[in-house]
Each structure stands twice: as structure tokens, then as C-alpha cells.
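Here's the structure, in C-alpha cells; my notes come after.
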Amino acid sequence: MELRALGSTGIRVSPLGLGTVKFGRNQQVKYPSSFEIPDDQSVRHILAVARDLGINLLDTAPAYGTAQQRLGRLLPGPREDWVIVSKVGEIFEHGASRFDFSHAHALASVEQSLRELNTDYLDCVLIHSDGDDLRILEQEGVLDALRELKERGLIRAHGMSSKTVAGGLRVVRDMDVVMATANLEYDEERPVLEAARRMKKGVLVKKGLMSGHVGGAEGVRASMAHVFSLPGVSSMIVGTINEGHLRQNVALADELA
């Protein structure tokens, strides 16, 4: 796949990114059917296939169970071959999420992610929003913490996995990357994508396949064609542990992106 600029960060990403929630968590997820968390050999294999197909972008988070620890142990090849996007703010414990957007928690969380991922830097860290985007950005300490981490060279870029148009627009104004929802049934955040394109900010699309609820190969094709037609999109994140689905998705991305 031909790499795309992640806004003006200087980072280049594959148009299809691999989401890793299924590497470490199968509770309280929104996929249409249940699944077993894969063993180490299976995770190592799917990562190798992704690399061979041209994927360099991995999306992970502390809230994804053991996903980060497994990536730290199992990721093939040199660290520089990969663009790792992690998150901060959501904690998943005892089968439920809680949130902490304080300055101290953000610093501690990123430092923990660095240890788990066995790396001395993260390419991008996104605020894992609870839905109250503007309050988080305006009243909590997480944004200042991410700015400090960027100045220290521990992260290359920062942003938010936002949930509102107002929040997404503020992210585009004040941060490097926005992760927004876009799919065939949801177009409300298009103003965020348009603003990001104007301001040369990175755009990662989540839920492009409606968390696996898109039906059949033609549905996947139509969904991907729609996402890649949207303004400013750097990459679409798709989470899978199925090699066949991964190969199909990459073939479509090569055709449509």
C-alpha cells in the first residue's frame, strides 16, 4: 500500500491500519459475534501478514486488555517499521471502563504504555474520550500532559479519539490528529474531516465497517469506498484477527484508497 501523510506530523501511514482490541479483550465489545482471544502464535502470525501486506499502522490502547503487552513481545521487525498509535484516559478493569483525564494519570499511563510496548517513543497518543470532549479538553490536565510528553520526545504527535463534532473541531484546532467516526450510516462528523483537511491535520477513521456489522464482501467494498472518498482521511482502522478478512481488506484498500 502507498503510504499517506498523517497530516503535517511528518509521519506516513498505510491507508489501512490494524486495530488490536481483539488481541487482548473480548469483554464489553460491540462486535456482532463473540470471539476467543488468539494465542501468541496467532497474534504473531497476523502481525507478520499485516507487515507483509504493507500495513505499518497499529492502533492500540491501555483499555484493550493485554493488547499492548502482547505487541511489546510479539511485534515483528524493527520498531521503525511500525507506526504505533496508543491512547490515554480510559481504563478497563473488572469488565468495565472508567476514565481518568488528569495530568498525573496521563503521564503515568503513557509511561506504562512505553514499558508494555517495549519502546522508547510512541508515534501518536490519542485521548480516549468518554463522550464529553470539550470538558476533557478545557477542564482536565490531559492535553497539557500530552504537550509535555511531545516536548520531551516521548510521543511524536497527539490527538483525540473524539465523539462529538464540537470536540473534533477543537481537536483539529489544538492537536495533531483526530480519530473520527465515519461510515455509510453516519456522516455527522464530516465538518471535522473537512476542517482537518484545511488545517493539514491527521485523520484516522474508526467504525468505518460499523464494528463488523457491515454485511458481505460488497458491503465492505461500499463502506471502504465511502471512507476513502471522504476529505482528509489518512487511514481507516479495521480490527481483525482473521487472516482472510485482513487480506481482503488490504486488497480493497489497494484498489480504492
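The values are calculated or read from the model by the stated rules, or taken from the named source; none is laboratory data. Everything numeric here is computed off the predicted structure, so don't read it as measured data. Virtual Cβ from ideal backbone geometry, glycine too; neighbours counted across all protein chains shown.
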Residue within region 212-219 that is within 21 Å of T60 (Cα to Cα), in contact with a Ser or Thr (Cβ under 6 Å, 6 or more places away or on another chain) and either outside any helix (DSSP H, G or I) or small (G, A, S) (or both) present: no
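Table: residues versus (1) under 16 Å from M179 (Cα atoms); (2) not in a strand (DSSP E or B).
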position	(1), (2)
D123	yes, no
I127	yes, no
D130	yes, yes
R135	no, yes
E138	no, yes
R147	no, yes
A157	yes, no
M160	yes, no
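Given I91, I84, which one is surrounded by fewer than 20 Cβ atoms within 10 Å (Cβ to Cβ) and either of a type in the set (V, I, T) or touching a Phe, Trp or Tyr at 6+ places or on another chain (Cβ under 7 Å) (or both)? Walk me through it before giving the result.
Values: I84 fails: surrounded by fewer than 20 Cβ atoms within 10 Å (Cβ to Cβ).
Answer to the selection: I91.
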Count of residues meeting criterion [polar (S, T, N, Q), in a loop (DSSP other than H, G, I, E, B) and buried (at least 22 other Cβ atoms within 10 Å of the Cβ)] in region 58-74: 1
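Picking from K150, K163, which residue would you name as being in contact with a strand residue (DSSP E or B) (Cβ under 7 Å, 6 or more places away or on another chain), modelled with pLDDT of 95 or more, charged (D, E, K, R) and surrounded by fewer than 24 Cβ atoms within 10 Å (Cβ to Cβ)? Before you say what the answer is, go through the steps one by one.
Working: K163 fails: in contact with a strand residue (DSSP E or B) (Cβ under 7 Å, 6 or more places away or on another chain).
That would be K150, the only listed residue that is in contact with a strand residue (DSSP E or B) (Cβ under 7 Å, 6 or more places away or on another chain), modelled with pLDDT of 95 or more, charged (D, E, K, R) and surrounded by fewer than 24 Cβ atoms within 10 Å (Cβ to Cβ).
Let's see how each residue does on (1) β-branched (V, I, T); (2) without any contact (Cβ under 8 Å) to a residue 12 or more places away in the chain; (3) closer than 25 Å to P38 by Cα:
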site: V172; (1), (2), (3): yes, no, no
site: G216; (1), (2), (3): no, yes, yes
site: F228; (1), (2), (3): no, no, no
site: G232; (1), (2), (3): no, no, no
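Kindly indicate which of L134, L169 is surrounded by fewer than 22 Cβ atoms within 10 Å (Cβ to Cβ) and either of a type in the set (S, T, N, Q) or within 18 Å of L230 (Cβ to Cβ) (or both). Spell out how you get there, then give the answer.
Values: L134 fails: either of a type in the set (S, T, N, Q) or within 18 Å of L230 (Cβ to Cβ) (or both).
Every option except L169 fails the conditions.
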Subset of region 192-207 that is closer than 17 Å to S161 by Cβ, without any contact (Cβ under 8 Å) to a residue 60 or more places away in the chain and assigned to a helix (DSSP H, G or I) - its residue that is farthest from the chain's Cα centre (by Cα): A195
Close pairs from region 112-128: first among the acidic types (D, E), partner at pLDDT 95 or above, Cβ under 6 Å, at least 6 apart: E116/Q68; E116/Q69; E116/G72; D123/I11; D123/V83; D123/I84; D123/R156
In region 21-37, residue surrounded by the most Cβ atoms within 10 Å (Cβ to Cβ) [restricted to those that are at pLDDT 95 or above and touching a helix residue (DSSP H, G or I) at 6+ places or on another chain (Cβ under 7 Å)]: F23
Residue list for region 1-46, restricted to those being within 29 Å of S229 (Cβ to Cβ), in a helix (DSSP H, G or I) and more than 15 Å from the chain's Cα centre (by Cα): I46
Some residue of region 49-57 being within 27 Å of D100 (Cβ to Cβ) and either touching a Gly at 6+ places or on another chain (Cβ under 6 Å) or hydroxyl-bearing (S, T, Y) (or both): yes
